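One structure is given here, and the rest of the page talks about it.
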Amino acid sequence: MSIDFVRALKAPANIDGWLLKILIGGLLYLIPILCFVPMGYWTEYLINVMNGKDELPGGPSDNFSANFITGAKMFVGCVIIGIVLAVVMTVSIFVLAKLKIVGVLLTSALEFILTFLSIFLVMSFAIDKKILSMIDVARAMKIVKGNPETLNFILLMLLLIVIYLAVMGICIATVIASILVPFLSYAMGISMFNLVGQYMQYSPYVAELKAQNNQ
């Protein structure tokens, strides 16, 4: 058994009335502040998948207030992470600029590492939905430690992002279809959080937490 990529791709349609619910989610995703609702919804879905339930938890507007609060917490955590990463990247670019091509490669590698560190921090947040969990690097690394699917997860996440960005690029190029981009972005969030949830199922640390909660 390993992470099922096709399952993640099909995730947005894995609910009755999925087209309407993606339409609602995409519209909410477009509106400042209300975009917290889809973020909270993705988190609840991640938790479902992590616990072995592949069903989407209703629609994005179901449990509106709960999803909004969860999404707002995640947003604050993302802002904190963003500030830290921006400082790290600015310093690294300044320091590595003198190395020319090697510096560019090292900066790109650092950006790649920091991007996935952010994803692992989202996993930490999903465990208890606390803002400070978004900066709990130690717990994020516990989720990664001993997980046999780490490399597979990284490769599949990159593939998923490339596929969605390619489709969005085609939509933007055709101009008329560019209206679909926010809805594709929302669907991409569902697929990405499905992959994250599947990955967390293989984490010995997450399994240990589940066992403790069941006692």
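The values are calculated or read from the model by the stated rules, or taken from the named source; none is laboratory data. All values reported here derive from a predicted model rather than from experimental measurement. Here Cβ is always computed from backbone atoms with ideal geometry, including for glycine, and neighbour counts include all displayed protein chains. Side chains included, ligands, DNA and RNA excluded: accessible areas come from the protein's heavy atoms. Shrake-Rupley method; radii C 1.70, N 1.55, O 1.52, S 1.80 Å.
On the basis of being in a helix (DSSP H, G or I), among the β-branched types (Val, Ile, Thr), open to solvent by less than 30 Å² (accessible area, probe 1.4 Å) and closer than 22 Å to residue 43 by Cβ, does residue 190 make the cut? So residue 190 passes the test.
Checked against (1) under 15 Å from the mean Cα position of the chain (by Cα); (2) more than 19 Å from residue 4 (Cβ to Cβ), residue 162 passes all but a single condition, namely (2). For segment 132-145, which residues satisfy the criterion of being modelled with pLDDT of 90 or more and open to solvent by less than 70 Å² (accessible area, probe 1.4 Å)? Correct list: 138, 139, 140, 143, 144. Residue count for segment 2-20 satisfying the condition of being in contact with a helix residue (DSSP H, G or I) (Cβ under 9 Å, 6 or more places away or on another chain) and without any contact (Cβ under 8 Å) to a residue 60 or more places away in the chain: 6. For residue 79, the conditions (1) modelled with pLDDT under 85; (2) of a type in the set (Val, Ile, Thr); (3) closer than 23 Å to residue 130 by Cα all hold with the exception of (1). Checking 167, 206, 181 one by one, the residue that is touching a Cys at 6+ places or on another chain (Cβ under 6 Å), assigned to a helix (DSSP H, G or I) and either surrounded by fewer than 17 Cβ atoms within 10 Å (Cβ to Cβ) or not acidic (Asp, Glu) (or both) is 181 and no other. What do you reckon, is residue 136 acidic (Asp, Glu) and out of contact with any Ser or Thr (no Cβ under 8 Å at 6 or more places or on another chain)? When the stated conditions are applied, residue 136 does not pass them. Considering the conditions (1) open to solvent by 20 Å² or more (accessible area, probe 1.4 Å); (2) aliphatic (A, V, I, L, M); (3) modelled with pLDDT of 80 or more, residue 74 is excluded by exactly one of them, (1).
Quick grid of which residues meet (1) at pLDDT 80 or above; (2) surrounded by fewer than 20 Cβ atoms within 10 Å (Cβ to Cβ); (3) of a type in the set (Phe, Trp, Tyr):
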| site | (1), (2), (3) |
| --- | --- |
| 1 | no, yes, no |
| 8 | yes, no, no |
| 33 | yes, yes, no |
| 38 | yes, no, no |
| 43 | yes, no, no |
| 48 | yes, yes, no |
| 51 | yes, yes, no |
| 57 | no, yes, no |
